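Notes for the one structure printed next.
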Amino acid sequence: MRYGLEVPERSVSGSIRKICPYVVAITLCVFLLFTGLGVLRLYSFRLECRLNSVNRQIESYNNHRVLLKHELSTLLSPVRLFGFSKEELGMTYASNVRVLKVDGGYFANAAGQQEEVPLTKTGPEEEGWFYFFLERAMAGE
Amino acid sequence: MKRRFFSPWHIIFLFFGVVIYRLAVLQLFPDPRVESQSRRQYWSHIPVSTNRGMIYDRDGNAMAVSVPASSFFVDPAFWDSASAHQLKGIIPDPLIQTLSKPIPGRFIWLARKADLEVADRIRALNIKGVFEIEEKKRLYPGGSLLSHVLGFCDIDDRGLSGTELMWDKELFSPPGIRVLAKDSSGQMLEISRINHDYAPSPNEGGSVFLTIDSRIQFVVERRLEEAIREHGARWGSVVCMDPQNGEVISMASWPTFDPNIREDLKKPANILNNCIGRTYEPGSTFKPLILGVGLERGMVGPNESFNCPYRIKVADGHITEAGNSGFGKLTATEIISKSSNTGMAQIGIRIKPFDMYHALREWGFGKPSGIELPGSEDGLLASPEQWRGVVPSNIAIGQGLAVTPLQLTTAIAAIANGGHLVRPHVVSKVMDASGNTVYVEEKEHLRDVLSPQVARWLNRAMVETVLSGTGQGAAVPGISIAAKTGTAQVAERGQYLKGRWVSSFAGFWPSSNPRYVLHVVIGEPSKGKYYGGDVAAPAFRRILEDMMQIELFAEDQTGRMVF
């Protein structure tokens with residue numbers, strides 16, 4: 001037995017046992033929190049990459065759409081159509097057109113009633129004249 | 001018995017506690033200075049263009065689009081000056097010289113919105129320090145078609161002229177921010193990061209829909225250029241309008257330019273829209289308007305006759321006929337159809353200057369036309385106090401004042417539609433980036449300038465011009481055309497220049513229910529002919545015939561044949 005240096009073992013181990021579980025638990029919790037934070041950060045990176053990928057896809061489709069619109073406009077351009085029809089197809093202006101003046105509108109509808117045909121898009125017919133081109137002339141006879 | 005409170009473990013736990021606390025603070029609440037420094041070091045924010053809004057014609061064909069294009073830049077931090085020689089022949093020499101020396105900063109453009117061929121060549125070189133980003137480039141699929149109405153943009157997609165400028169607020173899409181991160185080897189990683197410092201921009205700008213028919217525009221431009229070359233003219237313009245609602249169906253100006261070719265934009269004469277930006281003395285095309293003013297005010301009777309000698313003295317000057325002899329006795333209708341200057345001068349004298357001035361102002365002369373295009377001139381109309389001597393007679397024959405082709409077209413449209421002056425417009429609808437309609441065309445009836453009876457009388461007189469008068473060069477079998485020729489001298493520094501003329505022809509058809517007003521102006525023909533009936537009238541006829549062919553074989557949007 002040593003005088004003055006004797007430490008009651010029971011009380012030390014008891015107090016350590018009382019403190020350590022709490023400390024371990026808190027440490028564990030903190031560790032888990034930080035781990036969770038790290039996992040969340042990594043997950044957010046993954047989502048960001050996916051978002052970027054989707055955005056790139058959207059942008060790519062938008063660009064493709066614009067390019068198609070441009071191509072369509074170029075194809076429909078009167079300059080191109082005229083040049084192609086004249087040079088490649090050898091088309092010329094229709095010269096065998098005949099003009100027939102008919103008084104009033106004589107288009108009949110399905111019920112056989114006379115239908116008033118508007119002459120122009122912009123105003124009502126005033127004098128009853130309109131022009132139409134003979135089908136035979138258009139067919140090239 | 002003494003309890004031992006203090007343990008070495010406490011120190012260890014305290015140490016770790018402090019470390020964890022600092023770790024948490026650094027991670028969750030970083031110092032703003034550290035944060036901004038890391039941003040500067042690892043992230044570059046590059047402004048890049050987004051899709052500018054499109055411009056469409058009346059049938060929905062895209063006339064101006066923004067397409068993806070590659071731009072290249074150099075980061076001096078990774079650039080080796082010795083690599084500059086590899087770019088010879090691809091980029092301009094001055095830029096190569098700049099790149100051959102040490103460059104300050106972190107960013108210098110190498111090629112902005114490069115053509116596909118140039119982009120492929122730069123990409124193939126794979127030079128360290130050269131980086132590529134995607135931008136948008138403005139393209140006009142029709143080339144020079146409708147160039148003056150469409151206008152053009154600068155390298156940053158801001159409108160500089162025409163519709164691009166007028167509706168820039170709706171068409172422009174603010175540049176997006178592209179975030180580029182660099183790894184340790186300097187490789188760029190393109191990451192679109194939503195950053196709270198920058199507001200997200202929409203993918204596209206708005207859209208503008210024009211009233212222009214690109215098919216008719218094509219034939220008009222083609223025939224205008226043909227006439228210009230045939231007669232060796234310096235400039236020309238053609239305006240085609242719907243007289244019932246003021247819609248401009250076609251507007252062509254020569255010389256022209258291709259907005260896809262930047263070099264074309266360096267010549268001011270090319271980019272001037274002669275239809276709205278050039279003023280000229282209208283000549284005899286003005287006579288129906290003056291006669292209309294006289295008829296409205298009762299100064300002239302519709303069946304009145306006038307003695308039209310070759311030359312008459314008016315105040316301090318003389319008015320002479322364009323030809324070599326006088327016409328003798330002419331009715332008011334014949335004054336128009338034969339285009340008699342002396343007859344018209346006598347009518348002009350009868351109208352008080354004050355009345356004529358205000359009537360012409362009501363017709364829209366000397367004031368803005370109201371069209372939605374920048375660069376529109378008002379024309380020149382002197383105040384009546386300055387109308388002394390021979391001036392009223394000169395104005396009656398269309399000289400001594402200056403108008404734009406569009407102003408005269410609008411005035412002729414008033415004759416065509418029964419006396420209603422309508423506002424010319426070239427835009428039918430505008431939508432913003434969100435798809436909301438911010439502007440819709442409205443037929444704007446400005447005022448009545450003629451009574452229906454006087455308008456019908458003038459209509460018949462102009463029909464006679466084509467049937468038996470000076471406008472026979474524009475006659476087309478089967479179509480009743482009402483028109484007037486014009487031949488005016490060119491004035492410079494207060495004097496009329498010898499041998500320089502402006503030939504014009506303005507008319508509408510069919511005369512019974514006009515659908516189109518067409519005004520052709522050929523400026524300063526130099527190959528002998530200069531009369532409106534010889535120079536402008538044939539061009540008018542060819543355009544009319546082409547338009548008939550389009551209508552003959554075209555379908556409207558519902559699939560019906562349009563007759």
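The values are calculated or read from the model by the stated rules, or taken from the named source; none is laboratory data. Since the model is a prediction, treat every value here as computed from it, not as a measurement. When we count neighbours, we look across all protein chains shown, and the Cβ atoms used for this are built from the backbone with ideal geometry, even at glycine.
Regarding residue B:366, is this residue surrounded by fewer than 18 Cβ atoms within 10 Å (Cβ to Cβ) and either outside any strand (DSSP E or B) or modelled with pLDDT of 95 or more (or both)? Give the derivation first.
On the way: surrounded by fewer than 18 Cβ atoms within 10 Å (Cβ to Cβ): no; either outside any strand (DSSP E or B) or modelled with pLDDT of 95 or more (or both): yes.
Here the answer is no, as residue B:366 does not meet what is asked.
Among the residues of the stretch B:282-290, none qualifies, meaning not one is within 19 Å of residue B:397 (Cβ to Cβ) and assigned to a strand (DSSP E or B). Of all the residues in the stretch B:226-248, those that are under 24 Å from residue B:418 (Cβ atoms) and surrounded by fewer than 23 Cβ atoms within 10 Å (Cβ to Cβ) number 2. Of the residues making up the stretch B:364-387, those that are in contact with a strand residue (DSSP E or B) (Cβ under 8 Å, 6 or more places away or on another chain) and not aliphatic (A, V, I, L, M) are B:364, B:365, B:366, B:370, B:372, B:379. Counting only helices (runs of 4 or more DSSP H) that sit wholly inside the stretch B:1-113, those with at least 2 residues that are within 14 Å of chain A (Cβ to nearest Cβ) and more than 30 Å from residue B:169 (Cα to Cα) are B:8-28. Output the residue which, of all residues in the stretch B:484-529 that are surrounded by fewer than 20 Cβ atoms within 10 Å (Cβ to Cβ) and among the basic types (Lys, Arg), is modelled with the lowest pLDDT. That would be B:493.
Among residues of the stretch B:278-292 that are in contact (Cβ under 8 Å) with a residue 12 or more places away in the chain, none has a Cβ under 6 angstrom from a residue that is of a type in the set (Phe, Trp, Tyr) at a sequence gap of 6+ or on a separate chain. Among the residues of the stretch A:67-83, those that are facing another protein chain (nearest Cβ under 7 Å) and not hydroxyl-bearing (Ser, Thr, Tyr) comprise A:67, A:69, A:70, A:76, A:78, A:79, A:82.
Would you confirm whether or not the stretch B:284-291 contains a residue that is charged (D, E, K, R) and surrounded by fewer than 19 Cβ atoms within 10 Å (Cβ to Cβ)? Scanning the stretch B:284-291 turns up no residue that is charged (D, E, K, R) and surrounded by fewer than 19 Cβ atoms within 10 Å (Cβ to Cβ).
Cβ separations smaller than 9 Å between residues 6+ apart or across chains give the following pairs from the stretch B:21-41 residues that are not assigned by TED's automatic domain parsing to the domain that holds residue B:179 to residues that are among the small types (Gly, Ala, Ser): B:30/B:38. Could you say whether any residue in the stretch B:339-356 is in a loop (DSSP other than H, G, I, E, B), hydroxyl-bearing (Ser, Thr, Tyr) and touching an Asp or Glu at 6+ places or on another chain (Cβ under 6 Å)? Looking through the stretch B:339-356, none of the residues is in a loop (DSSP other than H, G, I, E, B), hydroxyl-bearing (Ser, Thr, Tyr) and touching an Asp or Glu at 6+ places or on another chain (Cβ under 6 Å). Within the stretch B:8-54, the residues that satisfy the criterion of being among the β-branched types (Val, Ile, Thr) and modelled with pLDDT of 80 or more are B:11, B:12, B:18, B:19, B:20, B:25, B:34.
Number of residues in the stretch B:209-258 that are part of a loop (DSSP other than H, G, I, E, B) and either aromatic (Phe, Trp, Tyr) or away from chain A (no Cβ under 14 Å) (or both): the value is 5.
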